[in-house]
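Bear in mind that the values in this text are calculations on the coordinates, not laboratory data. This one's a predicted model, so the numbers in the text were calculated from it and none came from an experiment. Virtual Cβ from ideal backbone geometry, glycine too; neighbours counted across all protein chains shown.
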Amino acid sequence: MIMKRLTQYAQGGGCACKIPAADLESLLANAKMPLPQNPEAELLVGLETGDDAAAVRTHDGSAIISTADFFTPVVDDPFDWGRIAAANALSDVYAMGGRPLVALNLLCWPPDQLPYDLASEVLRGGADVVALAGCHLAGGHSVIDAEPKYGLAVTGVADPDRLLRNNAGRPGQPLSLTKPLGLGVLNNRHKRTGEVFPHAVETMTQLNAAASRAALAAGIQCATDITGFGLLGHLHKLARASGVTAVIQASAVPILDGAAQAVQEGFVPGGSRRNLDWITPHLDPRDTPEETLLLADAQTSGGLLTAGEIPGAPVIGELIPYTGHTIIVQR
C-alpha cells in the first residue's frame with residue numbers, strides 16, 4: 001500500500017476545521033428549531049448552553065446521552081487518525097458523566113484520490129478505541145466526498161441526577177484540566193512539515209473515561225471537554241452558562257513539549273486564531289500577549305475541564321462571582 005499524507009487532502013485538520021464559534025452561534029440562533037409534539041422523553045440538556053452532548057430522560061428514569069463528532073485528517077497515519085477521531089467522539093459522552101453504549105461510524109471518502117485500503121485502516125483504528133471503551137460499534141453511514149472525514153455517532157447512558165453540565169459552575173470552585181494543551185499547533189506543524197509527534201498522538205488517543213469517573217467520584221457537577229474552541233472558548237461557554245467569571249493562572253496550565261516553540265515558529269492553525277478573535281472581547285484584560293494563543297489553541301480530543309479537583313490533574317484557576325468578563329487570565 002502506497003502511503004499518502006492524509007493531512008494534505010484536507011483544508012483544515014481535526015477539530016480546527018470546525019465552523020468558527022461566533023458563526024456557529026449565529027447559525028443555530030437563526031435556525032429556530034421547533035419543539036417536538038408529544039415528546040417521548042424529557043430533554044435534560046439541549047442547545048441552550050452549548051454543552052458537549054444532548055441528554056434526555058426516558059420513561060424508566062434513565063438518562064440517554066447522544067452525540068456525533070467527525071473531522072478531517074489530523075495526522076497522516078490512517079490508523080492513528082481513526083483512533084483519535086473515535087476518542088474525540090467518545091469524549092462528549094464522558095464529558096457529560098456518561099458511559100458509551102453503542103457507536104456508529106461516520107465516513108466520508110474520496111475514492112478517486114485515496115484507496116479504500118486507507119479507509120479500512122481508519123475504520124480499524126476507530127474500532128480499536130471503541131472496543132477499549134467497552135462500547136459496541138454497530139454499523140454507520142458512508143458517503144463519497146471530495147475531502148476525507150471520519151468520526152462517530154455515539155449513544156451513552158448516565159444517572160440523570162449526576163450529569164456533568166457546563167452550567168453548574170459556582171463561585172469558589174477550583175478549575176482542573178486533565179490533558180495538556182498544544183495539540184492544535186503540533187498537528188499543524190505535522191501537516192506542514194511531516195514531523196511526527198508521538199506524545200501528541202498518545203494524548204489524543206487517551207480516553208477521558210478515567211477522568212469522567214474521577215469527576216463523578218469527587219462529586220463534581222460541572223465539566224466540559226476541550227476541543228476545537230480551545231481552553232478559552234470552552235471555558236467562556238462554561239462561565240457564561242454558569243453566570244460566573246473564570247480566573248486562569250496561565251503558568252499553571254500544562255503545555256505539551258514543543259508546542260510553545262511551534263507557536264514561536266508560526267505553526268498556529270487558523271482555527272486557533274479565530275478562537276482568540278472570538279474570545280478576546282470577553283477577556284480581562286483584552287490586550288493579552290501572543291502567549292494567549294496557546295490558551296485558545298484548537299484542541300483535538302483534549303482533556304476534561306472540571307469545576308472541582310480531580311486527583312492527579314493540575315488546578316489551573318478558579319471560578320469567582322461575575323465581574324463583567326467571563327475570563328480573567330493572570331500571568
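Helix-only estimate, please: 222 nm mean residue ellipticity of the chain, summing -39500 (n - 2.57) across DSSP H runs of length 4 or more and dividing by its residues, to the nearest 500.
Calculated mean residue ellipticity at 222 nm is -9500 deg cm²/dmol.
Quick check: from the Cα gyration tensor, does segment 174-330 come out rounded (a/c under 1.5), prolate or oblate?
Taking the square roots of the gyration eigenvalues as a ≥ b ≥ c, segment 174-330 is oblate.
Is the shape of segment 105-193 best called rounded, prolate or oblate, per the rule: a/c under 1.5 gives rounded, else a/b larger than b/c gives prolate, else oblate, with a ≥ b ≥ c the square roots of the Cα gyration tensor eigenvalues?
Oblate, because a/c is 1.5 or more while a/b does not exceed b/c.
Compare the Cα positions of Gly243, Gln261, Gly271 along the charge dipole of segment 228-302 (+1 at Cβ of Lys, Arg; -1 at Cβ of Asp, Glu; about the Cα centre) and return the one farthest towards the positive end.
It is Gly243, whose Cα lies furthest towards the positive end.
Around Ala119, with a cut-off of 12 angstrom between Cβ atoms, what is the net charge of the other residues, counting Lys and Arg +1 and Asp and Glu -1?
Spelling it out: positives minus negatives among the neighbours equals 0.
Looking at the chain, how many pairs of lysines come closer than 28 Å at the Cα, when each pair is eight or more places apart or spans two chains?
Lysine pairs meeting the criterion: 15.
Would you calculate the separation in nanometres between label points at Leu43 and Gln113, each defined as 7 Å from the Cα along the Cα-to-beta-carbon direction?
According to this spin-label approximation, the distance is 3.6 nm.
Suppose R0 equals 45 Å; then what is the FRET efficiency for Arg170 and Glu147 from their Cβ-Cβ distance, rounded to the nearest 0.05?
Result of the calculation: an efficiency of 0.60.
State, to one decimal in nm, how far the label point of His59 lies from the label point of Asp161, with both points 7 Å from Cα in the Cβ direction.
2.3
Answer rounded, prolate or oblate for the chain, using the Cα gyration tensor with square roots of eigenvalues a ≥ b ≥ c: rounded when a/c is under 1.5, else prolate when a/b is larger than b/c, else oblate.
oblate
Taking the Cβ-Cβ separation of Asn30 and Gln261 as r and a Förster radius of 45 Å, what is the calculated FRET efficiency to the nearest 0.05?
According to the calculation, E is roughly 0.65.
Output the antiparallel fraction of DSSP beta bridges having both residues in segment 174-330, as a percent to the nearest 5.
Approximately 65 percent, going by the DSSP bridge assignments.
Please compute the net charge surrounding Val201, taking Lys and Arg as +1 and Asp and Glu as -1 over other residues with Cβ under 10 Å from its Cβ.
Every neighbour counted, the sum reads -2.
If Lys and Arg each add +1 and Asp and Glu each add -1, what is the summed charge of the other residues whose beta carbon sits under 13 Å from the beta carbon of Lys191?
0
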